[in-house]
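First up is the structure itself, then whatever we jot down about it.
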């Protein structure tokens, strides 16, 4: 926040007015906002595969049970990650590790804009 304050005090004040647990994972207290997909159309498309010939009532029931199962499984996976002190999902953890390896080969050159 100190860096943000140095750049723009109004932005820092605006961010501090929002509860930390709504935008900072370090303050989320185990609720894990954002751990599931943000593209709900993808979720519903995967839920409705093979349902084109069902009656409306059966389609609604099937959608309910599949959606419920999706969230139960996701919650269980999240609880297991929290219990084993895993900070990130396996996908994100692999991405971070790959980026750390890649960053190890970066070179930094100082450039003086005045002298060129």
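Values in this text are rule-based calculations from the coordinates and carry no lab data. These numbers were taken from a predicted model, which means no experiment stands behind them. When we count neighbours, we look across all protein chains shown, and the Cβ atoms used for this are built from the backbone with ideal geometry, even at glycine.
Quick look at the numbers
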quantity: Separation between Cα centres of the stretch 87-116 and the stretch 1-15, rounded to whole Å; calculated: 25
quantity: Extension gain from residue 41 to residue 113, taking 0.36 nm per residue of separation minus the Cα-Cα distance; calculated: 21.1 nm
quantity: Inter-probe distance in nm under a simple model that places probes 7 Å from Cα toward Cβ, at residue 6 and residue 59; calculated: 5.8
